[in-house]
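The values are calculated or read from the model by the stated rules, or taken from the named source; none is laboratory data. None of these values were measured; they are calculated from a predicted model. As a convention, Cβ positions derive from the backbone with ideal geometry for all residues, glycine included, and neighbour counts pool all protein chains shown. The accessibility values were calculated without ligands, DNA or RNA, using every heavy atom of the protein model including side chains. Shrake-Rupley method; radii C 1.70, N 1.55, O 1.52, S 1.80 Å.
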Amino acid sequence: MDKDTLLELSGTVDEIIFANEENGYTVLRLEGEDGETGTVTGCIPFAAPGEKLTLLGRWVTHASYGQQFQAEYAERTMPRGAEAVYEYLASRVVKGVGPATAALIVSAFGDKALDVMERQPERLAELKGITRKRAMEIGESLRRQLSLRHLMEFLNAHGIQPQFAMRLYQVYGEKAMEALRENPYLLCAQNIGAEFRQADGLALDLGMEGDSAERISAGLIFELQYNTGNGHVFLPREKLLLATCQLLNLDPQPVEEGLDVLIETGDVVSEKVAGCLACYLAALYEAETDTAARLRAMAARTESGPREDFSALLERVEREQGITYAPPQRATLEMAARHAVTVITGGPGTGKTTTVRAIISMFEMKGRKVLLTAPTGRAAKRMSELTGREAATVHRLLEAGYGGEGGDRLVFKRNEEQPLKCDVLIVDECSMIDILLMHSLLAALPPESRLVLVGDADQLPSVGPGNVFSDLLRSGALPAVRLTDIFRQTADSRIVSYAHRINAGDHPPLAENRGDFYFLRRVNQDRAAELVVSLCADRLPRNMGIPPEEIQVLTPTRRGDTGVYALNAALQAALNPPAKGKPEKRFGEVVFRTGDRVMQIRNNYDIVWTNRAETETGSGVFNGDIGYVTAIDESRETLTVDFDGHLTAYGFDMLGELEHAWAMTVHKSQGSEYRAVVLCVCGGPKQLLYRGLLYTAVTRARELLIGVGDDALVYRMIDNHRQTRRYSGLRARLAGEV
């Protein structure tokens, strides 16, 4: 953001309203030079009363809290004078120091108190009631803050926002400044998240040459990492060179030379794939090649036996399940019985679940141990409900945790050295699995185990790199079946029939409004949002007996009047309004209160939960898990969420891991199924308005789907069958073309 376009505001901190130590987000009252006070929000870690601030930002009007100054940059001055120093220390900004200790320190050292605490903390032990150990801890706490302040001031001078100083400090601690000066491109690492141009500007400001080897290497690695976010496992050499030349504003020759150096050192792997010279990050190359090798080896393993044996087994399964299987399902069961790996795909109503239940029964009759897994918590729960067997998320199954030198890298305890204990692994919702997760899953399989991969190839691809499920099917190298027949039980469902029509590019008659599919036309976004709230809070509960907790609102986008943020605020006001005696906690610009439906938005492998009876404990809450706020304890500074019987306590500084979940994006809903879905399609970025996203949204509804919005926009989505190419070599490797 251009600092020249921002307003300046100066003053003294009067009161801290809210502070998150984890990310530095702070809400405070600032007393201006004219004596007037105003509310300021932004990343201002360890702010305290008495501190002087000069801020750059803009005035905004918050729907609930009125006018606020949103700070982007902050210049800070430590308090001067005994009175200001006392006020600063009495605010408990330094751990181990409260009002009484602050008075003791200031009375002894006056306006030099902060200097003593930083440079000679052992002198604090001269004061009554302060041990040497406590004195040193107080000094360490202040030095940590000052180290972070110096880092923030350094970045601020180069036009870089303070939140990146917080992230650098969390990773590198007091060595953050030293590490940053040595390699400014740490700023654009994935765990820090600054833009490349910010890191690059800092590097050039620090005297790095524009064509230096360090700058060129950083640019090439950045382009490869950045494009994993677009789903690419590799980039063609010419595209990587062109993008990096444009990024760095350099001629091709030094960039080519820099790429060759990275290839020589092994940081980048180059190989001819599907007619182009592919450039991979080393970890992605290993994941793709090893995945292909393992799957090809499994595809070569078959189990022979007389057909009569299989027929007898199938008859037993049919008797147990009370079903006579259709020919495509019988063929699928025989394929799974005879092959080490089987891939099953099909749209809604084509019998995937019935087939999976039969596969489980078939292998259990043969005395095989079967494990079930899915990429998300909601998908795993749905798998459990539909099969009557326990299913775990892939991360929980592989026992995910943090490891590596800094303890911030994802690692799995289950691997080649400590494989899973199973004979058969069945994985559902495989379209959501990226190449890195598939690699980890295959590495944890016992050598002689079976693998059954199930999914809908027409749904949205994985968020992470690769197009794994589609590549498996397109390769022709693995035993695979596509179920297409719609069964009697679902043939009358308009949700099912319309989903198939949408997937085929046909326009279903949205205005027909019969059965389990309705569309209510609202072109104006405000009116569309009002109708969504009315449906959830009144019309569906009253007219159709569907309680709000069984209704899920979906939308393509997060922002705008019909985006996730606005709809969640409106739904909270209607479904869980404030009330006397109902606890609530403000976190930044969001208010959480008991009764709120919330979603975990990142994997947290360390957070502890207990069951409702307090007889069982465990750890781990995962991205996409949905729960309800059951308690807010101000004295303990905790908020408790019930995730399907797992009670999880969040410290107030962890609330950034939660967001409201009455409304969510279609991407977040993938892998889940809801009794009723209200789908709001009334605008959004063009790149989010396409057929695959609409198809995925419609197939989330089990009993009822109500569309709200612009029917012309829905038809344009159906016509927009964009399939962005993802650079992946898995299909070619499986097919033996590499």
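In region 57-65 there is no residue matching the filter, namely being out of contact with any helix residue (DSSP H, G or I) (no Cβ under 6 Å at 6 or more places or on another chain), free of Cβ contacts under 8 Å to residues at least 24 places away in the same chain and assigned to a helix (DSSP H, G or I). Does Leu53 satisfy being open to solvent by less than 30 Å² (accessible area, probe 1.4 Å), assigned to a helix (DSSP H, G or I) and touching a residue at least 12 places away in the same chain (Cβ under 8 Å)? So Leu53 does not fit the description; no. Checking Ala511, Ala491 one by one, the residue that is modelled with pLDDT under 95 and in contact with a Gly (Cβ under 8 Å, 6 or more places away or on another chain) is Ala491 and no other.
Take Val590 and tell me if it is within 30 Å of Leu639 (Cα to Cα), aliphatic (A, V, I, L, M), open to solvent by less than 70 Å² (accessible area, probe 1.4 Å) and modelled with pLDDT of 95 or more. Here the answer is no, as Val590 does not meet what is asked.
Let's see how each residue does on (1) assigned to a helix (DSSP H, G or I); (2) without any contact (Cβ under 8 Å) to a residue 12 or more places away in the chain; (3) under 18 Å from Asp644 (Cα atoms):
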residue	(1), (2), (3)
Val356	yes, no, no
Ile360	yes, no, no
Phe363	yes, no, no
Arg368	no, no, no
Ala379	yes, no, yes
Arg382	yes, no, yes
Arg389	no, no, yes
Ala392	no, no, yes
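The residue list Val454, Val463 contains one member that is surrounded by fewer than 23 Cβ atoms within 10 Å (Cβ to Cβ) and closer than 20 Å to Lys668 by Cα, which is Val463. With respect to being open to solvent by 20 Å² or more (accessible area, probe 1.4 Å), closer than 23 Å to Glu178 by Cα and touching a strand residue (DSSP E or B) at 6+ places or on another chain (Cβ under 7 Å), Arg119 falls outside the description. Among residues of region 578-603 that are at positive phi, those with a beta-carbon under 9 Å from a residue that is at pLDDT 95 or above and assigned to a loop (DSSP other than H, G, I, E, B) at least six positions away or on a different chain give the pairs Gly595/Asn576.
Identify the residue in region 113-133 that is assigned to a loop (DSSP other than H, G, I, E, B) and over 14 Å from Gly96 (Cβ atoms) and, among all such residues, is modelled with the lowest pLDDT.
Among residues in region 113-133 that are assigned to a loop (DSSP other than H, G, I, E, B) and over 14 Å from Gly96 (Cβ atoms), the one modelled with the lowest pLDDT is Lys128.
When you look at Thr302, is it under 26 Å from Arg482 (Cβ atoms), in contact with a Ser or Thr (Cβ under 9 Å, 6 or more places away or on another chain) and not aliphatic (A, V, I, L, M), yes or no? The answer is no for Thr302. Scanning region 241-251 for residues that are without any contact (Cβ under 8 Å) to a residue 40 or more places away in the chain and either assigned to a helix (DSSP H, G or I) or at negative phi (or both) returns Leu241, Leu242, Ala243, Thr244, Cys245, Gln246, Asp251.
For Gln145, indicate whether it is more than 30 Å from Gly81 (Cα to Cα) and not aliphatic (A, V, I, L, M). No: the conditions fail for Gln145. If the condition is being open to solvent by less than 80 Å² (accessible area, probe 1.4 Å) and either within 25 Å of Gly173 (Cβ to Cβ) or touching a residue at least 40 places away in the same chain (Cβ under 8 Å) (or both), then region 126-147 contributes Arg134, Ala135, Met136, Ile138, Gly139, Glu140, Ser141, Leu142, Arg143, Gln145, Leu146, Ser147.
Scanning region 406-463 for residues that are part of a strand (DSSP E or B) and either more than 17 Å from Arg396 (Cβ to Cβ) or modelled with pLDDT under 95 (or both) gives Arg409, Leu410, Val411, Phe412, Val424, Arg450, Leu451, Val452, Leu453, Val454, Gly455.
Among the criteria (1) touching a helix residue (DSSP H, G or I) at 6+ places or on another chain (Cβ under 7 Å); (2) under 30 Å from Pro465 (Cβ atoms), the one Met362 does not fulfil is (2). Evaluation of Val85 against the conditions (1) assigned to a helix (DSSP H, G or I); (2) open to solvent by 30 Å² or more (accessible area, probe 1.4 Å) shows that the sole unmet condition is (2). As a summary of the residue check, Val629 satisfies the conditions (1) assigned to a loop (DSSP other than H, G, I, E, B); (2) of a type outside the set (D, E, K, R); (3) buried (at least 22 other Cβ atoms within 10 Å of the Cβ) except for the one numbered (1). Picking from residues in region 10-50 that are charged (D, E, K, R) and in a strand (DSSP E or B), the one that is surrounded by the fewest Cβ atoms within 10 Å (Cβ to Cβ) is Glu15. Do we find that Arg396 is out of contact with any Lys or Arg (no Cβ under 7 Å at 6 or more places or on another chain), basic (Lys, Arg) and under 15 Å from Lys421 (Cβ atoms) in this structure? Spelling it out, Arg396 is indeed out of contact with any Lys or Arg (no Cβ under 7 Å at 6 or more places or on another chain), basic (Lys, Arg) and under 15 Å from Lys421 (Cβ atoms). Listed here are the helices (runs of 4 or more DSSP H) enclosed by region 636-737 that have at least 3 residues being at pLDDT 90 or above and open to solvent by 40 Å² or more (accessible area, probe 1.4 Å): 711-719. The condition (being open to solvent by less than 60 Å² (accessible area, probe 1.4 Å), without any contact (Cβ under 8 Å) to a residue 60 or more places away in the chain and not hydrophobic (A, V, I, L, M, F, W, C)) is satisfied by just one residue among Glu223, Glu257, Glu238: Glu223. There is no residue in region 435-452 that is touching a helix residue (DSSP H, G or I) at 6+ places or on another chain (Cβ under 7 Å), acidic (Asp, Glu) and on the phi < 0 side of the Ramachandran plot.
Taking the criterion of being outside any strand (DSSP E or B) and within 15 Å of Leu655 (Cα to Cα), the residues of region 600-615 that qualify are Ile601, Arg602, Asn603. Residue pairs whose Cβ atoms lie under 6 Å apart, sitting 6 or more positions apart in sequence or on different chains, and linking a residue in region 631-644 that is closer than 13 Å to Val598 by Cα and touching a residue at least 24 places away in the same chain (Cβ under 8 Å) to a partner that is surrounded by fewer than 18 Cβ atoms within 10 Å (Cβ to Cβ) and not β-branched (Val, Ile, Thr), are Asp642/Tyr628.
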